[in-house]
Every structure is written in structure tokens, then in C-alpha cells.
Amino acid sequence: TRRLRSALRLLGPYLDAPLAGPASDSLRRLAQALGGVRDMDVALIRVGEYLETAPDQAQDMAPLLSHWLAHREARRRQLIRYLDSRAYTLLRQRLLALLEALQSAEGEAPPERQVGQVAPRMVYLAWQAVIAYTAVLPQAPPELLHLLRIDSKRLRYALECYGEVLPAGVASLAGQVVGLQDHLGAMRDETVAIGMLDAYLARARGQRTREAVLAYRAACEETRQALTESFAPRWEQLTRGRAARALQAYIEREIATGRQR
């Protein structure tokens, strides 16, 4: 859903269809419905992996698992209700109508709107949105890192969308962006898990269960700390590596050429 929303934005100069905006808004609603179930799935998978290394804690952790499974089922029911709703039917209708409009479109974009002219500017905007975080990354809260991950995905999708007209050295930056967003995603998953564990501990009963959950929370915190400490080298490689320099040079050259035209 995020990739499709990015496509609608990146190809905006060629989409003279009034349905593009409403379709993007509806895709955001779908992403929210899917995200609630996804967060519970990840949390359950992670705690399952932890229990494989600490099987003696399985019985004491059972109340937490039951609680999370109930939450997962509730969010799944919400998702099913949305997928059965008029809103989701309207989303599919809008996307089909948009595809039909694009298939029937004729003509060629004027020179200033051709992909070779648009690509460097769209990539430039996405790149600037990412490197702007440099000034605020030290001691950045989890919420800010989550926003960086979203902007990193948008940069990746821009590089992939326009890959055919980008120099190879620039397009190769996408692989580094994937590594960064995966790293940030793992940090985000640990942060979400810790928040869910804190919410459970606020109401949990039973000393053995509390001790087991606290031990798992400590393991999540340790993993998050390790990911935080290993983040700086990835960021340095992305923002100051060869591909980043190639991207900056390409953007400056293309924009300067556009001004001369």
C-alpha cells in the first residue's frame, strides 16, 4: 500500500485523473487497518523466537500470549470489517477507474514533464527529506526514527521508480536505503514490543508472570540498544558513501542543465 501511494505521488505529473488523490487517501486507511494486525503478528513472532531460547519461561509467559492473541483477533476482526465495507469497495473501484483512464490516455508529455526532467527533481526532494534528519539524529526519540524510516522508504521507491533513467551509480543507492530501513524497522519493532509489554505489566497479576515478562522486556531493550549503537555506521555509509556522492553530483548536474534550457 505504501509503495502504491508512492507511485501515485511520484507519477503525479502524468496523472491528470481526479481519482488519484482520493485513491491515495483510501490506501492510507487500508494501511492503518493492515498495520494493526501486522504489529500483533510481529510481536507474537518475536516472543515465540524468544521462548525458543528460554523454554522454561513458556508457562509463565502464557498469560501474555493469551492477552496478545485476543488483541490480534480483535484487530483482525476490524480489518475484515473494513475489507467487507463500502469504503474498501470504493477504493477498488477508484483504482480500477484510474487504471482504465491511464490505459485510454493518449499523447506525449511536453519536454518539461518528461520523466528524464522530472526524475532528478523528485529524487532530490526525497533525498533532502532523508538527509535533513542528520541535524536531529543524536538522541532522536523512537517517533522521529519511525518518520525517518518512512522517508527512507519514499527515497527507495523514488530510486526504484525512476531507475531506468538514473545512472547506475545513483540507482545502486537503493540497496543501501533498503538496509537502513530494515535496520530502522527492527528498532521500531522492538520499541512497539516494549510499549506493549509496559501496557501489559500495568495490569498483569501473578509474580512469576511479571518476572517472566520483565525478563523478556529486558531482552527487547538490550536488542534495541544494540540496534541503536550500530545505526551510526549505516547512516554514515548512506549519507557519505560513493553512491550518495554520485547522487548529489547527478542532481546538481541535471538541475543546472534544466536551468540552462
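The values are calculated or read from the model by the stated rules, or taken from the named source; none is laboratory data. From a predicted model like this one, the values you see are computed outputs, not experimental measurements. All Cβ positions, glycine included, derive from the backbone under ideal geometry; neighbour counts span all protein chains shown. These area figures cover heavy atoms from the full protein model, side chains too; ligands, DNA and RNA do not enter into them. Shrake-Rupley method; radii C 1.70, N 1.55, O 1.52, S 1.80 Å.
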The set of residues whose placed amide H lies less than 5 Å from the amide H of Ser172, leaving out same-chain residues fewer than 5 positions away, is none
Length gained if Leu83 through Leu96 is fully extended, taking 0.36 nm per residue and subtracting the Cα-Cα distance, is 3.0 nm
For the Arg210, Ile131 Cβ pair and Förster radius 51 Å, calculated FRET efficiency rounded to 0.05 is 0.70
Taking a probe of 1.4 Å and leaving out DNA, RNA and ligands, segment 39-178 shows per residue an accessible area in Å² of 57 Å²
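For the chain, give the percent of accessible area contributed by carbon and sulfur heavy atoms, probe 1.4 Å, rounded to a whole number.
53 percent
By how many nm would the segment from Gln248 to Arg38 grow when fully extended, if each residue of separation counts as 0.36 nm and the alpha-carbon distance is taken off?
72.0 nm
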Expressed in angstrom, Rg and Dmax over the Cα atoms of segment 1-77 are 19.1, 61
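Just the number: Rg to Rh for the chain, Cα atoms, Kirkwood Rh, two decimals.
1.05
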Measuring from its Cα centre, the chain shows a charge dipole (+1 at each Lys and Arg Cβ, -1 at each Asp and Glu Cβ) which, in debye to the nearest 20, is 580 debye
Magnitude of the Cβ-charge dipole (Lys and Arg +1, Asp and Glu -1) of segment 26-150 about the Cα centre, nearest 20 debye, reported as 520 debye
Log10 I(q)/I(0) at q = 0.15, 0.18 Å⁻¹ for segment 116-233, from Debye over equal alpha-carbon scatterers, is -0.74, -0.92
Under a 1.4 Å probe, counting only protein heavy atoms, Leu147 has an accessible area in Å², nearest 10, of 90 Å²
TM-like helix rule applied to the chain (DSSP H, alpha carbon span at least 20 Å on the long axis, mean Kyte-Doolittle at least -0.5) gives 20-53, 86-104, 115-131, 142-161, 173-201
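Let me have the relative contact order for the chain, percent, based on Cα pairs under 8 Å that are six or more residues apart.
23 percent
To the nearest 0.05, how large is the calculated FRET efficiency for Ala199 and Val165 if R₀ is 51 Å and r is the Cβ-Cβ distance?
Here the calculated transfer efficiency is 0.60.
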